[in-house]
Amino acid sequence: MSIEVIKQLPEDFQGINPHNLYLYVKAYLANQRAGTAHTKTRGEVSGGGKKPFRQKGLGRARQGSIRAPQFVGGGVAHGPRNERDWSQKLNKKQKRVALKYALNEKAENEKIFVVDNIKIESGKTKDAQKWLNEINQRDYLIVVDEMDEKTFLAFRNIPNVYIITPEELNAYYASVFHSIIFDKAAFEKVIKG
């Protein structure tokens, strides 16, 4: 297996403002949020139709419902409502620029590896691990031009390894993984954009 370490990417990958990557990652993580946290107010909690005790004569503070926030089993004051949408919009051009910056950062740190072909014919995790040990990095994002089932099965059970196609590659993945392994065809696709 021949491994080529990429040290420099084409000129259009260089001189990009890192703030683009920050904005992309912020939007990506915000868009992952489900926004389903929800609490009931005093009006939505069942029960509490009758005053818990009379208004006057007991020397206690007046209470109108046992479902008010100060009672156990009452509603929640100012709790989360699932009416909130966390999603953030980012322009296509900015997404592309963020990916270019992330890839250039990896290349400058010599963390992009290009191999001729990424295929584990046996489909065994043991063989995939042996293949990764030759590169010897902390964690891996593997980008293959065409995903075949046996290769996917071989890599999927290894911790800190994620295998994708060039279409799935984004700036978040490129920045969060320590090193990226491309097969030749996938690398050319990504570089051409």
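Values in this text are rule-based calculations from the coordinates and carry no lab data. Bear in mind that the values here come from a model prediction, so they are computed numbers and not experimental data. Note: ideal-geometry Cβ built from the backbone for every residue, glycine included; neighbour counts use all protein chains shown.
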Next on the checklist: I need the phi-derived Karplus couplings for region 2-15: 6.51 cos²θ - 1.76 cosθ + 1.60, θ = phi - 60°, integer Hz, Gly and Pro marked x.
Outcome noted: 9, 10, 10, 8, 8, 9, 8, 9, x, 4, 6, 8, 9, x
Checklist outcome for this item: Expressed in angstrom and rounded, the centroid-to-centroid distance over alpha carbons for region 93-124 and region 42-62 is 64 Å
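Sort 110-123, 129-142 for me by packing, meaning the mean count of neighbouring Cβ atoms within 10 Å per residue, highest on top. Kindly include the intermediate steps, with their values, before the conclusion.
Details: 110-123: 16.9, 129-142: 14.8.
Order by mean packing, descending: 110-123, 129-142.
Can you pull out the chymotrypsin sites (Phe, Trp or Tyr not before Pro) in region 22-86 that DSSP calls coil and that have at most 13 other Cβ atoms within 10 Å? Don't skip to the end; give the middle numbers.
Details: sites: Tyr22, Tyr24, Tyr28, Phe53, Phe71, Trp86; in loops: Phe53, Phe71, Trp86.
Passing both the DSSP loop test and the Cβ count: Phe53, Trp86.
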Checklist outcome for this item: In terms of the charge dipole of region 34-85, which places +1 on Lys and Arg and -1 on Asp and Glu at the beta carbon, the residue among Gly59, Ala77, Gly49 farthest towards the positive end is Gly59
Checklist outcome for this item: Summing -39500 (n - 2.57) over every DSSP H run of at least 4 in the chain, dividing by its residue total and rounding to the nearest 500, the 222 nm mean residue ellipticity is -9500 deg cm²/dmol
Checklist entry - Listed here are the pairs Lys26/Lys184; Lys95/Lys150; Lys95/Lys119; Lys106/Lys189; which of them are more than 26 Å apart at the Cα? => result Lys26/Lys184; Lys95/Lys150; Lys95/Lys119
Item to check | DSSP-loop trypsin sites (Lys or Arg not before Pro) across region 1-74, with at most 15 other Cβ within 10 angstrom | outcome: Lys7, Arg33, Lys40, Lys50, Arg54, Lys56, Arg60, Arg62
